[in-house]
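Quick notes on the structure that follows.
The values are calculated or read from the model by the stated rules, or taken from the named source; none is laboratory data. The shown structure was predicted, so the numbers you read here are calculated from the model rather than taken from an experiment. Ideal geometry is used to build each Cβ from the backbone, glycine not excepted, and the neighbour counts take in all protein chains shown. The area values use the complete protein model at the heavy-atom level, side chains included, leaving out ligands, DNA and RNA. Shrake-Rupley method; radii C 1.70, N 1.55, O 1.52, S 1.80 Å.
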Amino acid sequence: MMLNLSRVKAGSYFNDLLFIKMSLQQTISENVKTAIHTLYNANLESVEFQATRKEFEGDITVVVFPMLRVVKGNPVQIGEAIGSFLVENIKEVIAYNVVKGFLNLVISDSYYLDFFAAAKKEKQFGFVSLKEGEKAVMVEYSSPNTNKPLHLGHIRNILLGHSVAEIIKASGKKVYKTQIINDRGIHICKSMLAWQRYGKGDTPESTGLKGDKFVGNYYVKFDQIYKEQIAEGIAGGKTEEEAKKEAEILIAAQEMLRKWEASDDQVVQLWEKMNGWVYDGFEQTYKTLGVDFDSYYYESNTYLLGKDNIEEGLSKGVFFKKEDGSVWCDLTEDGLDEKLVLRSDGTAVYMTQDIGTAIQRVKDNPDVGGMIYIVGNEQDYHFKVLFLILKKLGYDWAKNLHHLSYGMVDLPSGKMKSREGTVVDADDLVVEMEETAGEISKELGKLEGYTDNERNEIYKIIGSGALKYFILKVDPKKRILFNPSESVDFQGNTGPFIQYTYARIQAILRKADFDWSKTIVDIELHEKEKELIKQLELYPEVIQNAANDLSPAIISNYTYDLVKSYNSFFQNVSIFGADSEIEKLFRIQLSDLVGSTIQSAFRLLGIKVPDRM
């Protein structure tokens, strides 16, 4: 990871909650080192911790085995000696037990109550305020072509990008969200030509179709006609390669591209009109998905960028010219190959414009110190080359560039193909998810007594949450097999399961129609209460880890673990039937913090939570 989003350290500017946790661990670490020196006259450089296994009593486990490098003896006896030393010297450590080479420490209830009290006071529990002077991070995502609607593959890209941006913000960084729209090239001219020939003057308004879907239909139409002409050519005696190159409709599209590049008025007007339809359609989808952008870059404006940078690189010796006049970058010493950056006729390649666009973005936003590109894993090599070239050109921020390479999304029916019209349209999928949520909710009888409007709104929240959670809970690097009905299951590691727990908590808070805000500093914690606070204690660090790893899956699966812990608490501990008033108030407060943490975590994933469900 190259973003310099440093891991959490005790005493840093991160919030007090992390300091409480990390300072206890630091105190234990220092005392373990002191114990080793005092008891065995040896010096220990570091102490290894891990979570205590559920079958043993304890909250923090010190691993004794690594100490045998400096202390000779039985690990159980060494653990017993260290445990006794810690109980005597650290007030938060109230008991211990040793299992083989693992020293399990029991931490006092007062420590967890202090943490809980501090967490309740936080305006945004787990979030870190923006540090003054900190460099910003730019996140590029979506970046669609304007010849087709957004589809399921785009959805993974968009959801990853939006969530990663929100997580990095929560970790204490300023973030710019951007995209580059691929609005030029032969693929755009294909849909333009097909509409010109076969559209009969139809528009999105006259057909009732979203603009991006409307234009995408003509991209599919072009491919159908193109295949027919190829078949005719082959039947007429041409080879397949000849038939493909000489198909009349392809030659016409290539001519249209030449006219666009020559700024032909009629072609440019057609291009502006059809792209305008697509942009309107994209914006509707972005609004439905709940994502946003701070800036837009268009390839029609950026495709000439980078040429000046190539000249600069030639003068610095970063690039070299071949005899035909083409310009290359020799990356063989870096384990790659020679990369073309300018054709012999002086025209740019994709690498040229990507170099220029990256440099332009920093000119437009001088506080940017790094960029994250959310792009599928088929572009891994391209980004290795791009980042390396930018470093060789001497840009300091180039060391903070990262390609979040994600796996494709498959359906049970197989891979999607835009040209053949076999993609799963993003808007259609969202509607299907809402309908699936509605069907399952009706079967379970969960929304009886609600008005139609109330039910439909909850179906939207459940359906959207199911889709987003199913995609974001998977490590970005892994390929996904997406099954809509599985994602809307109300049991297991799904969005609706977590949303239902949140709604249950809201019902508890509505039932507590009295003042339960009293500060509680002295109470004996139930085992399930303590487990729940320990899970909450992880949240600030989870955000930092998710930001470092650029992985919403870390947030997703943490939230699922938190919900499982809460449901275990709910099933084993009575809230309103508590033995004392103070216990009842505490359990309501604990439920409230869990609920707000679920809501906070889901907000980082772009998911809403319903108050009733």
Matching residues, the range 39-90, being in a helix (DSSP H, G or I), under 24 Å from Ser23 (Cβ atoms) and without any contact (Cβ under 8 Å) to a residue 12 or more places away in the chain: Val87, Glu88
Search result, residues across the range 431-453 that are among the acidic types (Asp, Glu), without any contact (Cβ under 8 Å) to a residue 24 or more places away in the chain and in a helix (DSSP H, G or I): Glu439, Glu443, Asp452
Members of the range 332-356 that are touching a strand residue (DSSP E or B) at 6+ places or on another chain (Cβ under 6 Å) and open to solvent by less than 10 Å² (accessible area, probe 1.4 Å): Val341, Met351, Thr352
Criterion: of a type outside the set (Ser, Thr, Tyr), at pLDDT 95 or above and closer than 30 Å to Glu434 by Cβ - qualifying residue of Ile575, Ile543, Ile533: Ile543
Residues of the range 116-148 that turn out to be crowded, with 16+ Cβ neighbours inside 10 Å and at pLDDT below 90, as a count: 1
Gly101 vs. criteria over 30 Å from Tyr218 (Cα atoms), among the small types (Gly, Ala, Ser), in contact with a Gly (Cβ under 8 Å, 6 or more places away or on another chain) and touching a residue at least 12 places away in the same chain (Cβ under 8 Å): yes
Considering residues of the range 379-424 that are part of a strand (DSSP E or B), among the hydrophobic types (A, V, I, L, M, F, W, C) and modelled with pLDDT of 95 or more only, the residue farthest from Glu338 (Cα to Cα): Leu404
Residue within the range 498-506 that is on the phi < 0 side of the Ramachandran plot, open to solvent by less than 30 Å² (accessible area, probe 1.4 Å) and in a loop (DSSP other than H, G, I, E, B) present: no
Lone unmet requirement of (1) buried (at least 16 other Cβ atoms within 10 Å of the Cβ); (2) in contact with a helix residue (DSSP H, G or I) (Cβ under 7 Å, 6 or more places away or on another chain); (3) of a type in the set (A, V, I, L, M) for Leu113: (2)
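For (1) within 15 Å of Lys392 (Cα to Cα); (2) among the acidic types (Asp, Glu); (3) in contact with a helix residue (DSSP H, G or I) (Cβ under 8 Å, 6 or more places away or on another chain), each residue gets a yes or a no:
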{"position": "Gly317", "(1), (2), (3)": "yes, no, no"}
{"position": "Lys322", "(1), (2), (3)": "no, no, no"}
{"position": "Asp330", "(1), (2), (3)": "yes, yes, no"}
{"position": "Glu333", "(1), (2), (3)": "yes, yes, no"}
{"position": "Asp345", "(1), (2), (3)": "no, yes, no"}
{"position": "Tyr350", "(1), (2), (3)": "no, no, yes"}
Helices (runs of 4 or more DSSP H) contained in the range 196-262 and holding at least 1 residues surrounded by 14 or more Cβ atoms within 10 Å (Cβ to Cβ) and small (Gly, Ala, Ser): 211-235, 240-246, 248-261
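Sort out which residues of the range 286-308 are open to solvent by less than 40 Å² (accessible area, probe 1.4 Å), polar (S, T, N, Q) and over 25 Å from Ile359 (Cβ atoms), and write them in order of number.
none
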The range 163-195, residues that are assigned to a strand (DSSP E or B), of a type outside the set (Val, Ile, Thr), over 30 Å from Ser263 (Cα atoms) and open to solvent by less than 20 Å² (accessible area, probe 1.4 Å): Lys177
Residue match in the range 276-285 (condition: open to solvent by 30 Å² or more (accessible area, probe 1.4 Å) and under 21 Å from Tyr395 (Cβ atoms)): no
Residues of the range 510-529 satisfying the condition of being in a helix (DSSP H, G or I) and open to solvent by less than 30 Å² (accessible area, probe 1.4 Å): Glu529
Residues that are open to solvent by 20 Å² or more (accessible area, probe 1.4 Å) and among the charged types (D, E, K, R), drawn from the range 457-491: Glu457, Lys460, Lys473, Asp475, Lys477, Lys478, Arg479, Glu486, Asp489
Leu160 vs. criteria in a helix (DSSP H, G or I) and either more than 35 Å from the chain's Cα centre (by Cα) or among the acidic types (Asp, Glu) (or both): no
Any chance Asn275 is under 27 Å from Met256 (Cα atoms), at pLDDT below 95, outside any loop (DSSP other than H, G, I, E, B) and not β-branched (Val, Ile, Thr): no
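Take the conditions open to solvent by less than 10 Å² (accessible area, probe 1.4 Å), under 20 Å from Ile107 (Cβ atoms) and among the β-branched types (Val, Ile, Thr) and apply them to Ile533. Does it pass?
Answer is yes for this residue.
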